[in-house]
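Notes for the one structure printed next.
The values are calculated or read from the model by the stated rules, or taken from the named source; none is laboratory data. As the structure is a computational prediction, the values presented were derived from the model and not from experiment. All Cβ positions, glycine included, derive from the backbone under ideal geometry; neighbour counts span all protein chains shown.
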Amino acid sequence: MNDSFVTIAEQMRTADTILLFTHINMDGDALGSSVALCRALRDLGKTCYILLEDEISDNLKFLDKDYCTWDPEIMKDPDLCVCLDCGEEGRFPKRAEKFREGKVKICIDHHRTSDPICDYNHIDPEASATGELVYKLIRCLDVPIDKEIGEALFAAITTDTGNFQYTNTTAETHRIAAELYDAGIDGNYVSIQIYERIRIERLRLTTRILDTLQLFGDGKVAITYVNQEMLDETGAGMDEAEGIVATLRSIDGVQISAILKEKNPGEIKVSMRAKEQGDVAMIAKEFAGGGHKKAAGFTLHCSMEEAVTLVSEKAMENLANGY
């Protein structure tokens, strides 16, 4: 049973110090929803920060206006610790101990692979983005949604819906977006920051990654990979490989796509997407990962060659079983 936003809002109103937690390798939904909530809580007079353990990607830095910190000692024993867009401590491993310091812990998430782990939980897999849930929470907090909060929420929603193209986009998603426009957001500005600030190094990396493309299962499964050598050759960062997995899914005939990222020797992060067929959350769950039916991820501990074989076999098995 989910706790209502009214109940969660009341917990936030009675707290003075609040730390927000996103998952590692933040996407627009994780950071955008966190920034929106952080700003709303500050408007209520709360001491609030977003505690991070990794860097913000270049195309999302416009969202942070002194909301983020990398200092776990910025506040002692917070009244509230809130995890957003993630539902387990394994998604923020270096900050897990700090999260436990919270006198009260809250989870707000939209991944169906998440289980309630906090004192208060609102996990809604039907929501297109955590940004949708934070929008409703801010309404319950009675904080006016202005241009800054609205643009953070818009960034959250547009990234997790593939710019309103994915199957998780609903009529409610569009209604919320319309209300954000009514609040004065500049949707074009947000979209340019997110989608049209590509470095030349990223294009060079994309070329190298696409050179590794392999198709399996009569062209229904597309897999690429990126290793540390490619990053060194192009001068790009691993975060600049984001989005390629969606490009692979757009190939005619492909139903499941994956990109395999070498974080360290023998440690491979897998990001998967599904089109009309396939349930990649089921695959991710086999390897202690998580996500949605059409977008999920997990980590493997093996060589890149072994990872490609394993992921391709699991993807073809998933499609063969009719998911």
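Among the candidates ALA178, ALA155, ALA222, which residue alone is aliphatic (A, V, I, L, M), assigned by TED's automatic domain parsing to the domain that holds ALA295 and farther than 23 Å from SER4 by Cα? Steps first, please.
Working: ALA178 fails: assigned by TED's automatic domain parsing to the domain that holds ALA295; ALA155 fails: assigned by TED's automatic domain parsing to the domain that holds ALA295.
Exactly one of ALA178, ALA155, ALA222 is aliphatic (A, V, I, L, M), assigned by TED's automatic domain parsing to the domain that holds ALA295 and farther than 23 Å from SER4 by Cα, namely ALA222.
Suppose we keep only residues that are closer than 19 Å to ALA40 by Cβ and of a type in the set (D, E, K, R) within region 125-143. Which one would you say is surrounded by the fewest Cβ atoms within 10 Å (Cβ to Cβ)?
So, considering only residues that are closer than 19 Å to ALA40 by Cβ and of a type in the set (D, E, K, R), the one surrounded by the fewest Cβ atoms within 10 Å (Cβ to Cβ) is ASP142.
For region 56-70, name all the residues that are touching a residue at least 12 places away in the same chain (Cβ under 8 Å) and among the charged types (D, E, K, R).
Once the filter is applied, which keeps residues that are touching a residue at least 12 places away in the same chain (Cβ under 8 Å) and among the charged types (D, E, K, R), region 56-70 yields ASP58, ASP64, LYS65.
Only one of ASN168, ASN188 is farther than 15 Å from LYS136 by Cα and at pLDDT below 95. Can you tell me which?
Going through ASN168, ASN188 in turn, the sole match is ASN168.
If GLN193 satisfies all but one of (1) under 19 Å from the mean Cα position of the chain (by Cα); (2) under 25 Å from ALA274 (Cβ atoms), what's the number of the condition it fails?
Failing condition for GLN193: (2).
Which is under 18 Å from ALA155 (Cβ atoms), assigned to a loop (DSSP other than H, G, I, E, B) and either in contact with a strand residue (DSSP E or B) (Cβ under 9 Å, 6 or more places away or on another chain) or outside the structural domain of THR161 (by TED's automatic domain parsing) (or both), of ILE50, ILE56?
Answer to the check: ILE56.
Sort out which residues of region 225-237 are within 22 Å of the chain's Cα centre (by Cα), without any contact (Cβ under 8 Å) to a residue 60 or more places away in the chain and closer than 11 Å to MET304 by Cβ, and write them in order of number.
Within region 225-237, VAL226 is the sole residue that qualifies.
Please tell me if ARG95 is more than 14 Å from the chain's Cα centre (by Cα), surrounded by 20 or more Cβ atoms within 10 Å (Cβ to Cβ) and among the basic types (Lys, Arg). So that I can check it myself, show each step before the final result.
Details: more than 14 Å from the chain's Cα centre (by Cα): yes; surrounded by 20 or more Cβ atoms within 10 Å (Cβ to Cβ): yes; among the basic types (Lys, Arg): yes.
Yes; evaluated as a whole, the condition is true for this residue.
From ILE244, ILE256, ILE283, grab the single residue that is within 27 Å of GLU55 (Cβ to Cβ) and either under 24 Å from the mean Cα position of the chain (by Cα) or in contact (Cβ under 8 Å) with a residue 40 or more places away in the chain (or both).
Details: ILE256 fails: within 27 Å of GLU55 (Cβ to Cβ); ILE283 fails: within 27 Å of GLU55 (Cβ to Cβ).
Testing whether each residue is within 27 Å of GLU55 (Cβ to Cβ) and either under 24 Å from the mean Cα position of the chain (by Cα) or in contact (Cβ under 8 Å) with a residue 40 or more places away in the chain (or both) leaves just ILE244.
All but one of (1) within 19 Å of THR212 (Cβ to Cβ); (2) at pLDDT below 95 hold for GLU313; which doesn't?
Answer for GLU313: the failing condition is (2).
Picking from LEU84, LEU63, which residue would you name as being surrounded by 22 or more Cβ atoms within 10 Å (Cβ to Cβ) and more than 19 Å from ILE123 (Cβ to Cβ)?
LEU63
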